[in-house]
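The values are calculated or read from the model by the stated rules, or taken from the named source; none is laboratory data. Everything numeric in this text was worked out from a predicted model, so none of it was measured. In this analysis, Cβ positions are derived from the backbone assuming ideal geometry, glycine residues included, and neighbour counts consider all displayed protein chains. We work out accessible area using only protein heavy atoms, side chains counted, and drop any ligands, DNA or RNA first. Shrake-Rupley method; radii C 1.70, N 1.55, O 1.52, S 1.80 Å.
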Amino acid sequence: MKSNNLKDKIWLVFILTTILTWGIWGAFSDLQMERDGIPETVVYILWALSMIPCAIVALIINKGKFLHDWKSVLLGCTVGILGAGGQLVLFKALAIGPAYIIFPFISMSPVIVITLAALFLKEKANRWQIAGIVVALAAILLLSLQSGGEDGPVSGWLWIVLAVLVLLAWGIQGFFMKFANNSMDAESIFIWMAISGLVLIPVAWFMQSKPMTAPEFFASADVTVKSLKCFGIQILNSIGALTLVYAYRYGKAVVVSPMEGLSPMVTVLLSLIILQVIPNPLQIAGICCAAFAMYALSK
């Protein structure tokens with residue numbers, strides 16, 4: 001009986017790993033970008049490259065095999081392009097719009113995953129999990145709220161369109177990640193995600209960055225040290241992406257998706273412990289909600 005219970009909860013181990021690695025990544029990625037002045041497009045390029053070691057691990061786990069029939073390629077690349085493409089669109093949205101509105105808005109992507117999984121995959125949650133979903137969404141929103149004092153006046157509408165595209169891309173990605181797991185092994189899904197991320201590197205390369213473009217960064221001093229440090233941080237994101245695929249394989253999308261969004265809780269706690277940054281009242285409320293949500297969703 002205990003063995004069966006452990007097997008039923010294996011998705012929890014994977015999603016907690018994602019929350020931990022993404023939380024650590026979030027705490028140090030932004031700090032490094034501010035300290036070393038690494039453009040966001042360069043961060044994307046290094047993130048895409050960091051997918052390669054994790055893809056190799058996935059290939060080893062799968063004994064050197066991965067699915068490459070047309071259906072698997074289509075599903076795997078759909079998951080990959082929605083995730084990586086959403087990241088590139090987010091860069092553009094943040095360049096022209098206010099982060100304090102964009103981040104809370106796109107953080108609600110689990111709502112799309114939950115809705116699609118309930119409608120098309122007929123997934124259901126128990127009472128504890130329903131309560132956890134509601135509280136998790138509140139926690140995600142509270143943890144993503146930012147001050148708008150430094151963004152200046154909000155104008156234009158293109159950033160709104162781009163933010164909607166990111167919301168849809170990441171929400172639909174979660175659904176397809178679960179849908180693909182019904183016919184593919186998790187390792188193959190991740191390998192195609194990695195390939196998709198690499199394919200979009202030329203797009204990232206030609207996207208403009210302020211105050212420094214990608215070519216200018218790679219021509220700057222200390223580029224090797226800065227790039228290696230950034231690569232080391234970005235690989236945490238890739239590890240989390242791999243365990244997320246496994247979480248969707250063994251768990252319900254309606255439960256995994258809201259838990260996926262709780263990684264900022266770890267980021268805030270690390271900032272408090274290591275960087276001595278005191279969380280604001282909304283973040284403290286978000287941490288409390290996240291703690292309850294994780295307990296309820298695991299029931």
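Kindly evaluate T243 against the criterion of being part of a helix (DSSP H, G or I), more than 21 Å from I61 (Cβ to Cβ) and among the hydroxyl-bearing types (S, T, Y).
No: the conditions fail for T243.
Restricting attention to region 173-220, and to residues there that are in contact with a Gly (Cβ under 9 Å, 6 or more places away or on another chain) and outside any helix (DSSP H, G or I), which single residue is nearest to Y44 (Cα to Cα)?
Applying the filter and picking the extreme gives L200.
What do you reckon, is L270 surrounded by fewer than 20 Cβ atoms within 10 Å (Cβ to Cβ) and of a type in the set (A, V, I, L, M, F, W, C)?
In short, yes.
Give region 252-274 a look and list any residue that's within 14 Å of K178 (Cα to Cα) and within 14 Å of the chain's Cα centre (by Cα), or say none.
V256, S257, P258, E260
Scan region 66-78 and give yes if some residue there is closer than 28 Å to M212 by Cα and aliphatic (A, V, I, L, M), otherwise no.
no
Which of the residues belonging to region 248-262 are in a helix (DSSP H, G or I) and either open to solvent by 30 Å² or more (accessible area, probe 1.4 Å) or touching a Leu at 6+ places or on another chain (Cβ under 9 Å) (or both)?
R249, Y250, A253, V254, V255, V256, P258, M259, E260
Of the residues V277, V245, which is open to solvent by less than 20 Å² (accessible area, probe 1.4 Å) and either over 29 Å from A194 (Cβ atoms) or modelled with pLDDT of 95 or more (or both)?
Sole residue among the options that is open to solvent by less than 20 Å² (accessible area, probe 1.4 Å) and either over 29 Å from A194 (Cβ atoms) or modelled with pLDDT of 95 or more (or both): V245.
Go through region 87-114 residue by residue and tally those that are open to solvent by less than 10 Å² (accessible area, probe 1.4 Å) and at pLDDT 95 or above.
2
Against the conditions (1) surrounded by fewer than 16 Cβ atoms within 10 Å (Cβ to Cβ); (2) over 23 Å from T41 (Cα atoms), where does G232 fall short? Just the number, please.
With (1) surrounded by fewer than 16 Cβ atoms within 10 Å (Cβ to Cβ); (2) over 23 Å from T41 (Cα atoms) applied to G232, the lone miss is (2).
Select from region 68-79 the residues that are open to solvent by 60 Å² or more (accessible area, probe 1.4 Å) and hydrophobic (A, V, I, L, M, F, W, C) and list them in ascending order.
Passing the criteria: W70, L74.
So which residues in region 115-135 are closer than 30 Å to W159 by Cβ, open to solvent by 30 Å² or more (accessible area, probe 1.4 Å) and β-branched (V, I, T), if there are any at all?
T115, V134, V135
Which of the numbered conditions does L67 fail, given that it passes all the others? Conditions: (1) more than 18 Å from the chain's Cα centre (by Cα); (2) assigned to a helix (DSSP H, G or I); (3) among the aliphatic types (A, V, I, L, M).
With (1) more than 18 Å from the chain's Cα centre (by Cα); (2) assigned to a helix (DSSP H, G or I); (3) among the aliphatic types (A, V, I, L, M) applied to L67, the lone miss is (2).
Sort through L143, L88 and tell me the only one that's closer than 25 Å to Y295 by Cα and touching a helix residue (DSSP H, G or I) at 6+ places or on another chain (Cβ under 9 Å).
So the residue among L143, L88 that is closer than 25 Å to Y295 by Cα and touching a helix residue (DSSP H, G or I) at 6+ places or on another chain (Cβ under 9 Å) is L143.
Among the residues of region 18-58, what is the count of those that are surrounded by fewer than 21 Cβ atoms within 10 Å (Cβ to Cβ) and in contact with a Lys or Arg (Cβ under 8 Å, 6 or more places away or on another chain)?
So the answer is 2.
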